[in-house]
Every structure is written in C-alpha cells, then in structure tokens.
Amino acid sequence: MGFFQKTKKLSTEELSFSKQEITSIIRIAVAMCAADGEAHPNEMKMISNEALRFGVSANDFKVLLNKASDMKGDMALANIALMNDAQKRYVCAYLGTLMAIDGDIDDREKALWSLVSTLCELPTMSIADAIKYMAN
C-alpha cells in the first residue's frame, strides 16, 4: 500500500498519491463532511468510492480512515500544501464536489473549502468547475 494511481481523462494527468497523502486527503474530506454539522451518507460514500478508484481496498480504506481520524489537521494541511499542481487540482475539485454531493452547500462548507484552498495554495475553481473535473 505505497502509491495509489488514478488517471483523469479531463486533462490526461496521471495522479499518484502516497499513503500519507491519501490519508491527509481523507482527513480533510471527513472534516468537510462534518463542517455543516452532519456527515451525509452520500458524502461518506464519495470518500470511500474515491479511495476505491485509487486502488485502496475496503480493508485498507478502514485502516486509512482510522489513521486519518488520528491525524492532526495541521499535518494533513501541510501534506496537501506540499503536493504538486496536478494533485492540488484534484484535491480542490474533490473537496468542492464533496460539499455539493448532498445537494446542500452550506456556508460552513464553503468557508472550509476556501480556508483549505488558501492554506494549501490550491487552485481557484468554482463548484461547477470542481464537479466537471471530477465527472471526467
């Protein structure tokens, strides 16, 4: 369980993440789910489905989810901030889509997305851009 691979058709980028990076993404994604006060089942399903798309088995996902819950938020943000531009584009789109997946975009979710984007120097994108990126 070293690196996870994913190919995005939209820009033909091939993305890979280390175990530490994907754990950091999951940590921030879970925080995004909780930002509005409740983790909607569609949000949690998206988190697990994205991990599966990167080749993380169901058992490995449980381990990563536990590691993510133990990870401090500042460590997760630091790991994301060190990612390359293609990885950051994915993280930004992923988080933007995650907050919209339940059909209700809460102001607290938008504020968290904006904060993470600023702290980690993620690219600027609209929610529509994020959804389009993730759909391809």
Quiz prompt | Exposed-site-free run, longest, the chain (rule: trypsin sites (Lys or Arg not before Pro); DSSP loop; at most 12 other C-beta within 10 Å) | solution = 73-136
Self-check item: At most 15 other Cβ within 10 Å, DSSP loop - GluC sites (Glu not before Pro), the range 32-91
Solution: 38
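Summing +1 for each Lys or Arg and -1 for each Asp or Glu, what net charge is found among the other residues whose Cβ lies under 12 Å from the Cβ of residue 69?
In short, +3.
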Quiz item: P(r) of the chain in 10 Å steps, Cα pairs, percent per bin?
Solution: 13, 48, 36, 3
Practice problem: Quick one: go through the range 14-49 and flag any residue whose amide nitrogen is under 13 Å from the point 7 Å out along the Cα-to-Cβ line of residue 69. | Solution: 27, 30-31
Quiz item: In deg cm²/dmol and to the nearest 500, what is the mean residue ellipticity at 222 nm of the chain if only DSSP H runs of at least 4 residues count, each as -39500 (n - 2.57), divided by the residue total?
Solution: -20500 deg cm²/dmol
Quiz item: How far, in nm, would the chain grow between residue 82 and residue 42 when pulled straight, counting 0.36 nm per residue and subtracting the alpha carbon separation?
Solution: 11.5 nm
Quiz item: What chymotrypsin sites (Phe, Trp or Tyr not before Pro) in the range 45-136 are in a loop by DSSP, with at most 13 other Cβ atoms within 10 Å of the Cβ?
Solution: none
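Every number in this text was worked out from the coordinates using simple rules, so none of it is lab data. Only a predicted model underlies this, so the values are computations on that prediction, with no experimental measurement involved. FYI the Cβ positions are ideal-geometry reconstructions off the backbone, even for glycines, and counts take in every protein chain you see.
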